[in-house]
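Enquirer: The structure follows.
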Amino acid sequence: MNDVETRLVEKARAGDADAFGRIFERSKNMVWNVAYRMTGDFDEAEDLAQDVFVTAWRKLASFRGESAFSTWLYRITVNKALNSKKSGRALHRLSDEETANLVDAETFARQNPSAGVEQLETERILAGLLATLEPERRLALILREIEGLSYEQIAEAMNTPVGTVRSRISRAREELEATAKKTGILP
Amino acid sequence: MRNLEELFKNTPRLEAPDTLQRRVMEEIRAHEKERKPGWFDTVADLLRSSLTHPARAGFALATVAVAVAVSIAVNTPGIRAPRQIVQAPDMSQINDYMDETLDDTYAGAWGVNGASSMESDDISDFVATHVESVFWIDGGSDNA
């Protein structure tokens, strides 16, 4: 943690809501990206992300600064995401229609005004593929490939040995490649 | 889009919606008073910061030793357990504290992984999610 973050966390622990607001600003996209990729649903992701931040606020007293604040926040996000009804299951099937419906084009365009048609298509392909994975594998893959965390950071966030993280990511990639080949989703 | 690598490379980081901030901050303001640390938080913090891990272990062992000694004494013929009826101590604060600090860890460890244990990658997965997390609660840090 850098000095600014340490000070903000200390203030927030003492009950300073403004300090927590600044922490939120710095970490909102990190939590949002995991929440959205796990659920594939804007409303569900917003509920999940809100739950993560409110829990973080209530439990700041238990954060002792022995790990990075972001890792601690990822850990809360992981727990909430795996407990969520929507993100806690895999769809086990994938059709063109389902893939198209997985991303609400209107909401996506409203929330990402600079995004073009190509980006929407990328989102649909990604959402379609991720939805077929078991939740733990999906989460590990998101943290690695999209969030760019190291295997060690993922292991800490998921409270799992590094070897298990490697195995989950490797199997997730194999499954995605197989699904992509089978469905022709990636030419 | 030719392969997975390209797909991941082209996946942009999304911006959180503005409504999220409003929702979170409204909730935080509503609970702001609850987060002000009370005397119990202060005492807990002091204890936590003053005790090292070996000291904690020693304290736990001493507590167990006392409990065993009392149990033996009470069950020894000729020694009668005190019959005075005392009021049970108020545990509500420590229960609240346990709820605050440990609930989610258990929820993550048992609730979710328990349901999918049969589909776990391998035995190390199972051990990691069901057994290690229990020890990790005591020995780890910053439980969420």
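The values are calculated or read from the model by the stated rules, or taken from the named source; none is laboratory data. Predicted model, so just to flag it, every value in this text is computed and none were measured. All Cβ positions, even for glycine, are placed from backbone atoms using ideal geometry, and neighbour counts span all protein chains on display.
Enquirer: Which condition number in (1) assigned to a helix (DSSP H, G or I); (2) modelled with pLDDT of 80 or more; (3) over 22 Å from the mean Cα position of the chain (by Cα) is the one that residue B:11 fails?
Expert: With (1) assigned to a helix (DSSP H, G or I); (2) modelled with pLDDT of 80 or more; (3) over 22 Å from the mean Cα position of the chain (by Cα) applied to residue B:11, the lone miss is (1).
Every residue, every condition in (1) of a type in the set (A, V, I, L, M, F, W, C); (2) at pLDDT 90 or above; (3) closer than 20 Å to residue A:155 by Cβ, yes or no:
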position: A:23; (1), (2), (3): yes, yes, no
position: A:47; (1), (2), (3): no, yes, no
position: A:52; (1), (2), (3): yes, yes, yes
position: A:65; (1), (2), (3): no, no, yes
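Enquirer: Going by the structure shown, is residue B:73 part of a helix (DSSP H, G or I) and at pLDDT below 75? Give the steps one after another, and end with the answer.
Expert: Values: part of a helix (DSSP H, G or I): yes; at pLDDT below 75: no.
When the stated conditions are applied, residue B:73 does not pass them.
Enquirer: Using the structure shown, decide if residue A:55 is at the interface with chain B (Cβ under 10 Å from one of its Cβ atoms), of a type in the set (S, T, N, Q), touching a residue at least 40 places away in the same chain (Cβ under 8 Å) and on the phi < 0 side of the Ramachandran plot. First the steps, then the outcome.
Expert: Details: at the interface with chain B (Cβ under 10 Å from one of its Cβ atoms): yes; of a type in the set (S, T, N, Q): yes; touching a residue at least 40 places away in the same chain (Cβ under 8 Å): no; on the phi < 0 side of the Ramachandran plot: yes.
So residue A:55 fails the test.
Enquirer: Take the stretch A:34-59 and flag every residue that is under 18 Å from residue A:129 (Cα atoms), touching a Lys or Arg at 6+ places or on another chain (Cβ under 7 Å) and surrounded by fewer than 23 Cβ atoms within 10 Å (Cβ to Cβ). Working first, answer last.
Expert: In the first step, residues of the stretch A:34-59 are kept if they are under 18 Å from residue A:129 (Cα atoms); the result is A:34-42, A:45.
Remaining after also requiring touching a Lys or Arg at 6+ places or on another chain (Cβ under 7 Å): A:38-39, A:41.
Selection gives A:41 alone.
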